[in-house]
Amino acid sequence: MDKFVIHGQKNLKGEISVGGCKNAAGPILAATLLTNEECTIDNLPQVEDIFNMIEVLKSLGVKVEQVSERKIKIKSNSLDPEKIDFDKVSKARISVLLFGSLLARFKSFKMPPPGGDRIGVRPISIHLNALEEMGAKIWRSSDFYKVERQELIGKEIVLEEFSVTATETLMLAAVLAKGKTIIKAAASEPHIQDLGEMLLKMGAKIKGLGTHTIEIDGVKKLKGASHRIIFDPIEAGTFIVAAAVAGDRVKVKNVNCDHLDLFLKKLKEIGVNFKKDKNSVTVFKSSKLLATKIQALPYPGFPTDLLPIIIPLLIKAQGKSLVHDPLYENRFNYVQELRKMGADIEMVDPHRTFIFGPAELSGLKIESWDIRAGACLIVAGLMAKGKTTIENIFQIDRGYEKIEERLQKLGADIKRVKN
(Lines give C-alpha, C1' and ligand atoms only; values in the text may rest on other atoms or scores of the structure.)
Protein backbone atom coordinates (compact mmCIF):
# COMPACT_ATOMS: atom_id res chain seq x y z
CA MET A 1 0.00 0.00 0.00
CA ASP A 2 1.01 3.63 -0.49
CA LYS A 3 2.23 5.78 2.39
CA PHE A 4 2.39 9.50 3.15
CA VAL A 5 5.68 11.18 3.95
CA ILE A 6 5.29 14.53 5.71
CA HIS A 7 7.97 17.08 6.64
CA GLY A 8 6.22 19.14 9.27
CA GLN A 9 6.17 22.68 10.62
CA LYS A 10 5.57 24.38 7.27
CA ASN A 11 3.42 27.52 7.34
CA LEU A 12 0.19 26.76 5.52
CA LYS A 13 -1.32 29.62 3.50
CA GLY A 14 -3.97 30.00 0.84
CA GLU A 15 -7.35 28.45 0.04
CA ILE A 16 -8.65 24.89 0.16
CA SER A 17 -12.09 23.65 -0.95
CA VAL A 18 -14.28 21.08 0.75
CA GLY A 19 -15.71 18.31 -1.44
CA GLY A 20 -18.97 16.36 -1.47
CA CYS A 21 -20.09 14.60 1.69
CA LYS A 22 -19.16 10.90 1.72
CA ASN A 23 -21.70 10.16 4.45
CA ALA A 24 -24.48 11.67 2.32
CA ALA A 25 -23.36 10.10 -0.97
CA GLY A 26 -23.65 6.51 0.30
CA PRO A 27 -27.32 6.62 1.33
CA ILE A 28 -28.26 8.75 -1.68
CA LEU A 29 -26.73 6.16 -4.01
CA ALA A 30 -28.69 3.50 -2.12
CA ALA A 31 -31.86 5.57 -2.64
CA THR A 32 -31.49 5.36 -6.43
CA LEU A 33 -32.34 1.64 -6.15
CA LEU A 34 -35.88 2.57 -5.07
CA THR A 35 -36.98 3.60 -8.57
CA ASN A 36 -36.79 2.21 -12.10
CA GLU A 37 -36.35 5.75 -13.43
CA GLU A 38 -33.07 7.54 -14.03
CA CYS A 39 -31.46 9.60 -11.28
CA THR A 40 -28.69 12.16 -11.62
CA ILE A 41 -26.29 12.64 -8.69
CA ASP A 42 -23.83 15.56 -8.62
CA ASN A 43 -20.97 16.59 -6.32
CA LEU A 44 -19.99 12.98 -5.65
CA PRO A 45 -16.81 12.72 -3.56
CA GLN A 46 -14.03 10.87 -5.38
CA VAL A 47 -13.14 8.54 -2.51
CA GLU A 48 -12.66 4.79 -2.21
CA ASP A 49 -15.82 4.10 -0.19
CA ILE A 50 -17.97 5.73 -2.89
CA PHE A 51 -16.09 4.06 -5.75
CA ASN A 52 -16.70 0.75 -3.98
CA MET A 53 -20.41 1.52 -3.42
CA ILE A 54 -20.85 2.27 -7.14
CA GLU A 55 -19.18 -1.05 -8.00
CA VAL A 56 -21.57 -2.84 -5.62
CA LEU A 57 -24.51 -1.19 -7.42
CA LYS A 58 -23.11 -2.21 -10.79
CA SER A 59 -22.84 -5.81 -9.58
CA LEU A 60 -26.60 -5.66 -8.89
CA GLY A 61 -27.26 -4.67 -12.52
CA VAL A 62 -27.45 -0.89 -12.03
CA LYS A 63 -26.51 1.15 -15.11
CA VAL A 64 -24.10 3.95 -14.26
CA GLU A 65 -23.12 6.65 -16.76
CA GLN A 66 -20.27 9.02 -15.88
CA VAL A 67 -21.42 12.50 -16.95
CA SER A 68 -18.40 14.31 -15.48
CA GLU A 69 -15.81 13.70 -12.78
CA ARG A 70 -18.32 14.19 -9.94
CA LYS A 71 -21.62 13.63 -11.70
CA ILE A 72 -23.31 10.37 -12.69
CA LYS A 73 -26.58 9.19 -14.17
CA ILE A 74 -27.87 6.02 -12.58
CA LYS A 75 -30.72 3.68 -13.54
CA SER A 76 -31.87 0.68 -11.51
CA ASN A 77 -34.48 -0.91 -13.75
CA SER A 78 -32.68 -4.27 -14.09
CA LEU A 79 -31.77 -5.16 -10.50
CA ASP A 80 -30.80 -8.71 -9.59
CA PRO A 81 -29.91 -9.09 -5.88
CA GLU A 82 -28.52 -12.58 -6.48
CA LYS A 83 -25.58 -11.02 -8.38
CA ILE A 84 -24.45 -8.76 -5.53
CA ASP A 85 -20.66 -8.74 -5.08
CA PHE A 86 -20.10 -10.08 -1.56
CA ASP A 87 -16.44 -9.08 -1.52
CA LYS A 88 -17.13 -5.42 -2.30
CA VAL A 89 -20.02 -5.23 0.19
CA SER A 90 -17.72 -6.49 2.94
CA LYS A 91 -15.25 -3.65 2.35
CA ALA A 92 -17.44 -0.70 3.35
CA ARG A 93 -19.80 0.09 6.21
CA ILE A 94 -22.16 2.07 3.98
CA SER A 95 -23.21 -1.18 2.28
CA VAL A 96 -25.51 -1.78 5.28
CA LEU A 97 -27.86 0.78 3.71
CA LEU A 98 -28.67 -1.73 0.98
CA PHE A 99 -30.74 -3.70 3.50
CA GLY A 100 -33.32 -0.90 3.39
CA SER A 101 -33.29 -0.36 -0.38
CA LEU A 102 -33.34 -4.04 -1.36
CA LEU A 103 -36.01 -4.87 1.20
CA ALA A 104 -38.23 -2.19 -0.31
CA ARG A 105 -37.80 -3.70 -3.80
CA PHE A 106 -37.47 -7.47 -3.26
CA LYS A 107 -39.15 -10.16 -1.16
CA SER A 108 -35.92 -12.06 -0.57
CA PHE A 109 -32.16 -11.58 -0.91
CA LYS A 110 -28.84 -12.39 0.73
CA MET A 111 -26.31 -9.88 2.07
CA PRO A 112 -22.85 -10.33 3.58
CA PRO A 113 -21.96 -8.42 6.75
CA PRO A 114 -20.78 -4.89 5.86
CA GLY A 115 -17.19 -3.81 6.47
CA GLY A 116 -15.81 -0.43 7.59
CA ASP A 117 -13.57 1.17 10.20
CA ARG A 118 -11.99 -0.75 13.07
CA ILE A 119 -13.21 1.62 15.76
CA GLY A 120 -15.10 -0.84 17.92
CA VAL A 121 -18.12 -3.09 17.94
CA ARG A 122 -20.61 -1.68 15.45
CA PRO A 123 -23.51 -4.13 15.50
CA ILE A 124 -26.26 -3.80 12.91
CA SER A 125 -28.79 -5.44 15.22
CA ILE A 126 -30.55 -2.08 15.70
CA HIS A 127 -31.08 -1.84 11.92
CA LEU A 128 -32.23 -5.43 11.57
CA ASN A 129 -34.54 -5.42 14.60
CA ALA A 130 -36.29 -2.33 13.26
CA LEU A 131 -36.73 -3.92 9.82
CA GLU A 132 -38.16 -7.01 11.49
CA GLU A 133 -40.72 -4.80 13.25
CA MET A 134 -41.86 -3.76 9.77
CA GLY A 135 -42.36 -7.35 8.68
CA ALA A 136 -38.96 -8.61 7.54
CA LYS A 137 -37.57 -11.97 8.57
CA ILE A 138 -33.79 -12.06 8.85
CA TRP A 139 -31.50 -15.02 9.50
CA ARG A 140 -27.74 -14.89 10.02
CA SER A 141 -25.56 -17.71 8.72
CA SER A 142 -21.78 -17.93 9.06
CA ASP A 143 -21.04 -15.59 6.16
CA PHE A 144 -24.25 -13.84 5.09
CA TYR A 145 -27.71 -12.64 6.11
CA LYS A 146 -30.82 -14.08 4.50
CA VAL A 147 -33.67 -11.56 4.31
CA GLU A 148 -37.32 -12.30 3.44
CA ARG A 149 -40.64 -10.48 3.67
CA GLN A 150 -44.19 -10.63 2.41
CA GLU A 151 -45.19 -7.01 2.91
CA LEU A 152 -43.48 -4.12 4.66
CA ILE A 153 -45.89 -2.43 7.07
CA GLY A 154 -45.27 1.00 8.56
CA LYS A 155 -44.79 0.99 12.34
CA GLU A 156 -43.85 3.29 15.19
CA ILE A 157 -40.24 2.38 15.89
CA VAL A 158 -38.12 3.66 18.76
CA LEU A 159 -34.41 3.25 18.05
CA GLU A 160 -32.22 2.16 20.95
CA GLU A 161 -29.66 4.83 20.11
CA PHE A 162 -29.33 7.81 17.75
CA SER A 163 -27.90 5.60 15.01
CA VAL A 164 -27.25 7.39 11.74
CA THR A 165 -27.18 4.33 9.49
CA ALA A 166 -30.14 2.70 11.26
CA THR A 167 -32.17 5.88 10.68
CA GLU A 168 -31.15 5.96 7.01
CA THR A 169 -31.84 2.24 6.52
CA LEU A 170 -35.34 2.65 7.98
CA MET A 171 -36.04 5.71 5.83
CA LEU A 172 -35.07 3.76 2.71
CA ALA A 173 -37.33 0.86 3.65
CA ALA A 174 -40.27 2.97 4.87
CA VAL A 175 -40.79 5.19 1.82
CA LEU A 176 -42.29 2.26 -0.12
CA ALA A 177 -43.85 0.47 2.86
CA LYS A 178 -47.59 0.24 3.43
CA GLY A 179 -48.91 2.87 5.85
CA LYS A 180 -47.11 5.28 8.17
CA THR A 181 -43.71 4.74 9.78
CA ILE A 182 -42.70 6.90 12.73
CA ILE A 183 -39.02 6.75 13.67
CA LYS A 184 -38.41 7.99 17.22
CA ALA A 185 -34.90 8.70 18.54
CA ALA A 186 -33.96 9.21 14.90
CA ALA A 187 -30.57 10.72 14.11
CA SER A 188 -30.74 14.14 12.48
CA GLU A 189 -27.28 14.76 10.97
CA PRO A 190 -26.97 16.93 7.84
CA HIS A 191 -26.39 13.89 5.64
CA ILE A 192 -29.63 12.32 6.89
CA GLN A 193 -31.42 15.53 5.97
CA ASP A 194 -29.75 15.38 2.55
CA LEU A 195 -31.01 11.82 2.03
CA GLY A 196 -34.47 13.05 3.00
CA GLU A 197 -34.28 15.85 0.43
CA MET A 198 -33.38 13.33 -2.26
CA LEU A 199 -36.28 11.05 -1.29
CA LEU A 200 -38.69 14.01 -1.29
CA LYS A 201 -37.61 14.84 -4.86
CA MET A 202 -38.33 11.21 -5.75
CA GLY A 203 -41.91 11.57 -4.47
CA ALA A 204 -41.58 10.27 -0.90
CA LYS A 205 -43.76 11.74 1.87
CA ILE A 206 -41.53 12.63 4.81
CA LYS A 207 -41.96 15.00 7.76
CA GLY A 208 -39.59 15.88 10.59
CA LEU A 209 -36.24 15.99 8.78
CA GLY A 210 -33.67 17.57 11.08
CA THR A 211 -35.55 16.45 14.20
CA HIS A 212 -35.44 13.27 16.26
CA THR A 213 -38.90 12.11 15.12
CA ILE A 214 -39.32 11.35 11.43
CA GLU A 215 -42.73 10.46 9.96
CA ILE A 216 -42.96 8.69 6.61
CA ASP A 217 -46.16 7.87 4.73
CA GLY A 218 -45.38 5.05 2.32
CA VAL A 219 -46.09 5.53 -1.38
CA LYS A 220 -46.53 2.91 -4.10
CA LYS A 221 -43.90 4.22 -6.46
CA LEU A 222 -40.97 6.64 -6.57
CA LYS A 223 -39.70 8.56 -9.59
CA GLY A 224 -36.26 9.58 -10.80
CA ALA A 225 -34.67 12.78 -9.51
CA SER A 226 -31.62 15.02 -9.81
CA HIS A 227 -29.71 15.90 -6.67
CA ARG A 228 -26.51 17.69 -5.68
CA ILE A 229 -24.86 16.28 -2.57
CA ILE A 230 -24.04 18.66 0.29
CA PHE A 231 -20.45 19.59 1.08
CA ASP A 232 -18.74 17.48 3.74
CA PRO A 233 -18.79 19.03 7.24
CA ILE A 234 -16.25 16.46 8.53
CA GLU A 235 -13.78 17.31 5.78
CA ALA A 236 -14.41 21.00 6.51
CA GLY A 237 -13.60 20.42 10.19
CA THR A 238 -10.44 18.52 9.24
CA PHE A 239 -9.09 21.37 7.11
CA ILE A 240 -10.04 23.97 9.73
CA VAL A 241 -8.07 22.11 12.42
CA ALA A 242 -5.11 21.58 10.08
CA ALA A 243 -5.08 25.34 9.48
CA ALA A 244 -5.33 26.02 13.22
CA VAL A 245 -2.30 23.89 14.12
CA ALA A 246 -0.07 24.63 11.12
CA GLY A 247 -1.50 27.60 9.25
CA ASP A 248 -0.75 31.28 8.90
CA ARG A 249 -3.90 32.34 7.03
CA VAL A 250 -6.02 29.61 5.42
CA LYS A 251 -9.46 30.02 3.88
CA VAL A 252 -11.56 26.83 3.89
CA LYS A 253 -14.24 27.11 1.20
CA ASN A 254 -17.58 25.30 0.75
CA VAL A 255 -18.35 25.25 4.47
CA ASN A 256 -21.89 25.29 5.83
CA CYS A 257 -21.22 26.68 9.31
CA ASP A 258 -24.73 25.69 10.44
CA HIS A 259 -23.56 22.06 10.20
CA LEU A 260 -20.66 22.74 12.59
CA ASP A 261 -22.20 24.88 15.33
CA LEU A 262 -20.80 23.13 18.40
CA PHE A 263 -17.49 22.28 16.72
CA LEU A 264 -16.87 25.97 15.92
CA LYS A 265 -18.03 26.97 19.40
CA LYS A 266 -15.42 24.62 20.88
CA LEU A 267 -12.70 26.06 18.63
CA LYS A 268 -13.54 29.54 19.91
CA GLU A 269 -13.40 28.23 23.49
CA ILE A 270 -9.95 26.73 22.81
CA GLY A 271 -8.78 30.05 21.42
CA VAL A 272 -8.59 29.41 17.67
CA ASN A 273 -8.62 32.67 15.74
CA PHE A 274 -11.08 32.32 12.84
CA LYS A 275 -13.74 34.23 10.93
CA LYS A 276 -16.97 32.78 9.56
CA ASP A 277 -18.35 33.93 6.22
CA LYS A 278 -21.39 32.78 4.29
CA ASN A 279 -19.75 29.73 2.73
CA SER A 280 -16.26 29.66 4.22
CA VAL A 281 -14.14 29.81 7.36
CA THR A 282 -10.83 31.69 7.40
CA VAL A 283 -8.35 30.56 10.06
CA PHE A 284 -5.59 32.85 11.32
CA LYS A 285 -2.63 32.24 13.64
CA SER A 286 -3.72 31.89 17.25
CA SER A 287 -1.68 33.40 20.09
CA LYS A 288 -2.79 31.06 22.89
CA LEU A 289 -4.71 27.80 22.94
CA LEU A 290 -6.48 26.57 26.07
CA ALA A 291 -7.53 23.09 27.19
CA THR A 292 -11.20 22.10 27.16
CA LYS A 293 -13.64 19.21 27.60
CA ILE A 294 -15.30 17.65 24.56
CA GLN A 295 -17.89 14.88 24.32
CA ALA A 296 -19.28 13.39 21.15
CA LEU A 297 -23.04 13.95 21.00
CA PRO A 298 -25.80 13.34 18.44
CA TYR A 299 -26.31 16.21 15.99
CA PRO A 300 -26.33 19.14 16.55
CA GLY A 301 -23.71 18.09 19.12
CA PHE A 302 -20.00 17.57 18.53
CA PRO A 303 -19.56 14.97 15.74
CA THR A 304 -17.86 11.74 16.76
CA ASP A 305 -15.91 11.81 13.47
CA LEU A 306 -14.25 15.10 14.46
CA LEU A 307 -13.03 13.89 17.86
CA PRO A 308 -9.82 12.34 16.46
CA ILE A 309 -9.21 15.40 14.29
CA ILE A 310 -9.27 17.86 17.19
CA ILE A 311 -6.80 15.91 19.37
CA PRO A 312 -3.65 17.44 17.74
CA LEU A 313 -5.08 20.90 18.48
CA LEU A 314 -5.51 19.94 22.15
CA ILE A 315 -1.92 18.67 22.21
CA LYS A 316 -0.91 22.29 21.50
CA ALA A 317 -3.30 23.73 24.10
CA GLN A 318 -2.28 24.78 27.62
CA GLY A 319 -3.62 22.52 30.37
CA LYS A 320 -5.51 19.22 30.66
CA SER A 321 -8.22 18.40 28.13
CA LEU A 322 -10.77 15.62 28.39
CA VAL A 323 -12.21 13.93 25.30
CA HIS A 324 -15.10 11.47 25.64
CA ASP A 325 -16.60 9.25 22.95
CA PRO A 326 -19.41 7.23 24.58
CA LEU A 327 -20.15 5.28 21.38
CA TYR A 328 -17.01 3.59 20.01
CA GLU A 329 -14.70 1.76 22.38
CA ASN A 330 -11.81 1.66 19.87
CA ARG A 331 -12.14 5.24 18.65
CA PHE A 332 -8.86 6.11 20.41
CA ASN A 333 -6.78 3.49 18.60
CA TYR A 334 -4.55 6.26 17.22
CA VAL A 335 -3.52 7.52 20.70
CA GLN A 336 -0.57 5.13 20.86
CA GLU A 337 0.74 6.57 17.58
CA LEU A 338 0.50 10.12 18.97
CA ARG A 339 2.29 9.03 22.14
CA LYS A 340 5.17 7.72 20.03
CA MET A 341 5.41 11.19 18.51
CA GLY A 342 5.68 12.79 21.95
CA ALA A 343 2.09 13.56 22.94
CA ASP A 344 1.26 13.37 26.66
CA ILE A 345 -2.01 11.45 26.56
CA GLU A 346 -3.55 9.24 29.22
CA MET A 347 -6.29 6.74 28.45
CA VAL A 348 -8.80 6.82 31.32
CA ASP A 349 -10.85 3.96 29.82
CA PRO A 350 -11.78 2.87 26.26
CA HIS A 351 -14.12 5.86 25.92
CA ARG A 352 -12.21 8.72 27.62
CA THR A 353 -8.77 10.22 27.32
CA PHE A 354 -6.84 13.08 28.94
CA ILE A 355 -4.54 15.26 26.83
CA PHE A 356 -1.88 17.26 28.66
CA GLY A 357 -0.45 20.22 26.77
CA PRO A 358 1.33 21.85 25.28
CA ALA A 359 3.62 19.15 23.93
CA GLU A 360 5.92 19.13 20.91
CA LEU A 361 5.58 16.29 18.45
CA SER A 362 8.44 14.66 16.54
CA GLY A 363 7.92 12.80 13.30
CA LEU A 364 8.40 9.04 12.95
CA LYS A 365 6.79 6.04 11.26
CA ILE A 366 3.14 5.54 12.32
CA GLU A 367 0.07 3.71 11.00
CA SER A 368 -3.51 4.71 10.23
CA TRP A 369 -6.24 2.36 11.50
CA ASP A 370 -9.34 4.10 10.17
CA ILE A 371 -10.40 7.12 8.12
CA ARG A 372 -10.55 9.72 10.90
CA ALA A 373 -7.54 8.36 12.78
CA GLY A 374 -5.61 8.74 9.54
CA ALA A 375 -6.70 12.36 9.17
CA CYS A 376 -5.69 12.98 12.81
CA LEU A 377 -2.20 11.61 12.09
CA ILE A 378 -1.85 13.81 8.99
CA VAL A 379 -2.67 16.87 11.12
CA ALA A 380 -0.16 15.66 13.73
CA GLY A 381 2.46 15.21 11.02
CA LEU A 382 1.89 18.76 9.73
CA MET A 383 2.68 20.20 13.18
CA ALA A 384 5.48 17.77 14.09
CA LYS A 385 9.22 18.41 13.90
CA GLY A 386 10.99 16.35 11.26
CA LYS A 387 9.67 13.56 9.02
CA THR A 388 6.46 11.62 9.65
CA THR A 389 5.65 8.51 7.62
CA ILE A 390 2.04 7.27 7.72
CA GLU A 391 1.42 3.69 6.61
CA ASN A 392 -1.88 2.06 5.54
CA ILE A 393 -3.18 5.23 3.90
CA PHE A 394 -5.85 3.32 1.99
CA GLN A 395 -7.93 3.96 5.10
CA ILE A 396 -7.52 7.71 4.55
CA ASP A 397 -8.32 7.41 0.83
CA ARG A 398 -11.65 5.84 1.80
CA GLY A 399 -12.84 9.22 3.07
CA TYR A 400 -10.57 12.01 1.77
CA GLU A 401 -10.06 12.77 -1.91
CA LYS A 402 -6.39 13.33 -2.88
CA ILE A 403 -5.82 14.98 0.47
CA GLU A 404 -2.07 15.28 -0.10
CA GLU A 405 -2.50 17.23 -3.36
CA ARG A 406 -4.91 19.67 -1.74
CA LEU A 407 -2.65 20.25 1.26
CA GLN A 408 0.34 20.73 -1.06
CA LYS A 409 -1.42 23.77 -2.54
CA LEU A 410 -1.35 25.32 0.94
CA GLY A 411 2.40 24.76 1.18
CA ALA A 412 2.38 21.48 3.10
CA ASP A 413 5.34 19.18 2.47
CA ILE A 414 3.39 15.93 2.07
CA LYS A 415 3.98 13.29 -0.59
CA ARG A 416 2.36 10.00 -1.54
CA VAL A 417 5.05 7.33 -1.84
CA LYS A 418 4.64 3.86 -3.33
CA ASN A 419 5.76 1.04 -1.05
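Please verify whether Ile216 is within 22 Å of Leu170 (Cα to Cα), touching a Leu at 6+ places or on another chain (Cβ under 9 Å), crowded, with 20+ Cβ neighbours inside 10 Å and touching a residue at least 60 places away in the same chain (Cβ under 8 Å), treating the condition exactly as stated.
Criteria met by Ile216.
Residue by residue through segment 1-31, note down the ones that are over 25 Å from Ala243 (Cα atoms) and surrounded by fewer than 22 Cβ atoms within 10 Å (Cβ to Cβ).
Within segment 1-31, Met1 is the sole residue that qualifies.
Any idea which of Glu151, Glu132, Glu156 is under 19 Å from Met171 (Cβ atoms), surrounded by fewer than 18 Cβ atoms within 10 Å (Cβ to Cβ), more than 23 Å from the chain's Cα centre (by Cα) and free of Cβ contacts under 8 Å to residues at least 24 places away in the same chain?
After applying the criteria, what remains is Glu132.
Condition first: among the acidic types (Asp, Glu) and surrounded by fewer than 24 Cβ atoms within 10 Å (Cβ to Cβ). Now tell me which residues in segment 232-252 satisfy that.
Residue satisfying the conditions is Asp248 alone.
Among the candidates Ile54, Ile28, which residue alone is farther than 24 Å from Glu161 by Cβ and touching a residue at least 12 places away in the same chain (Cβ under 8 Å)?
Testing whether each residue is farther than 24 Å from Glu161 by Cβ and touching a residue at least 12 places away in the same chain (Cβ under 8 Å) leaves just Ile54.
Only one of these is on the phi > 0 side of the Ramachandran plot and touching a residue at least 12 places away in the same chain (Cβ under 8 Å): Gly247, Gly271. Name it.
Exactly one of Gly247, Gly271 is on the phi > 0 side of the Ramachandran plot and touching a residue at least 12 places away in the same chain (Cβ under 8 Å), namely Gly271.
Cβ-Cβ under 7 Å, sequence separation 6+ or interchain: first residue in segment 396-407 and free of Cβ contacts under 8 Å to residues at least 40 places away in the same chain, partner assigned to a helix (DSSP H, G or I) and of a type in the set (Val, Ile, Thr). Which pairs?
Short answer, once both residue conditions are applied: Ile403/Ile378; Ile403/Ile396.
Hey, can you tell me all the residues within segment 43-94 that are modelled with pLDDT under 95, of a type in the set (Lys, Arg), surrounded by 15 or more Cβ atoms within 10 Å (Cβ to Cβ) and not in a loop (DSSP other than H, G, I, E, B)?
Lys88, Arg93
Do you know which of the residues in segment 195-213 that are crowded, with 18+ Cβ neighbours inside 10 Å and among the small types (Gly, Ala, Ser) is nearest to the chain's Cα centre (by Cα)?
Once the filter is applied, the top-ranked residue is Gly196.
Please find, within segment 350-407, the residue that is nearest to Pro45 (Cα to Cα) out of those that are assigned to a strand (DSSP E or B) and aliphatic (A, V, I, L, M).
Looking only at segment 350-407, we keep the residues that are assigned to a strand (DSSP E or B), and these are 352-357, 362, 365-367, 385, 387-391.
If we keep only those that are aliphatic (A, V, I, L, M) too, we end up with 355, 366, 390.
On the way: Ile355: 33, Ile366: 26, Ile390: 23 Å.
Looking at the filtered set, the residue picked out is Ile390.
Give the residues of segment 360-388 that are more than 21 Å from the chain's Cα centre (by Cα) and buried (at least 17 other Cβ atoms within 10 Å of the Cβ), sorted by residue number.
Leu361, Gly363, Ile366, Gly381, Leu382, Met383, Ala384, Thr388 - these are the residues of segment 360-388 that are more than 21 Å from the chain's Cα centre (by Cα) and buried (at least 17 other Cβ atoms within 10 Å of the Cβ).
For segment 147-159, name all the residues that are touching an Asp or Glu at 6+ places or on another chain (Cβ under 7 Å) and in a loop (DSSP other than H, G, I, E, B).
The first filter runs over segment 147-159 and keeps only residues touching an Asp or Glu at 6+ places or on another chain (Cβ under 7 Å), leaving 155, 157.
Of everything in segment 147-159, just one residue is touching an Asp or Glu at 6+ places or on another chain (Cβ under 7 Å) and in a loop (DSSP other than H, G, I, E, B), namely Lys155.
Restricting segment 160-189 to residues that are part of a loop (DSSP other than H, G, I, E, B) and at pLDDT below 95, which is farthest from the chain's Cα centre (by Cα)?
Filtering first and then ranking leaves Glu160.
When only residues in segment 408-418 that are part of a loop (DSSP other than H, G, I, E, B) and aliphatic (A, V, I, L, M) count, which is nearest to Phe284 (Cα to Cα)?
Per the criteria, the residue is Leu410.
For the structure I just gave you, tell me whether Ala177 is farther than 18 Å from Ala30 by Cα, in contact with a Leu (Cβ under 6 Å, 6 or more places away or on another chain) and not assigned by TED's automatic domain parsing to the domain that holds Asp305.
Numbers: farther than 18 Å from Ala30 by Cα: no; in contact with a Leu (Cβ under 6 Å, 6 or more places away or on another chain): yes; not assigned by TED's automatic domain parsing to the domain that holds Asp305: yes.
For Ala177, the condition - farther than 18 Å from Ala30 by Cα, in contact with a Leu (Cβ under 6 Å, 6 or more places away or on another chain) and not assigned by TED's automatic domain parsing to the domain that holds Asp305 - is not met.
Taking interchain pairs and intrachain pairs at least six residues apart, which have beta carbon atoms under 6 angstrom, with the first residue in segment 280-295 and touching a residue at least 60 places away in the same chain (Cβ under 8 Å) and the second surrounded by 13 or more Cβ atoms within 10 Å (Cβ to Cβ) and not in a strand (DSSP E or B)?
Sorted first by the residue in segment 280-295, then by its partner, the pairs are Leu289/Ile270; Leu289/Gly271; Leu289/Lys316; Leu289/Ala317; Ala291/Ala317.
If Pro81 satisfies all but one of (1) over 24 Å from the mean Cα position of the chain (by Cα); (2) without any contact (Cβ under 8 Å) to a residue 60 or more places away in the chain; (3) more than 27 Å from Lys107 (Cβ to Cβ), what's the number of the condition it fails?
With (1) over 24 Å from the mean Cα position of the chain (by Cα); (2) without any contact (Cβ under 8 Å) to a residue 60 or more places away in the chain; (3) more than 27 Å from Lys107 (Cβ to Cβ) applied to Pro81, the lone miss is (3).
Within segment 323-338, is even one residue assigned to a strand (DSSP E or B) and buried (at least 24 other Cβ atoms within 10 Å of the Cβ)?
yes
Report whether or not Lys221 is surrounded by fewer than 17 Cβ atoms within 10 Å (Cβ to Cβ), in contact with a Leu (Cβ under 9 Å, 6 or more places away or on another chain) and not small (Gly, Ala, Ser).
yes
The values are calculated or read from the model by the stated rules, or taken from the named source; none is laboratory data. All values derive from a computational prediction rather than experimental measurement. Heads up, the Cβs are rebuilt from the backbone with ideal geometry, glycines too, and the neighbour counts pull from every protein chain shown.
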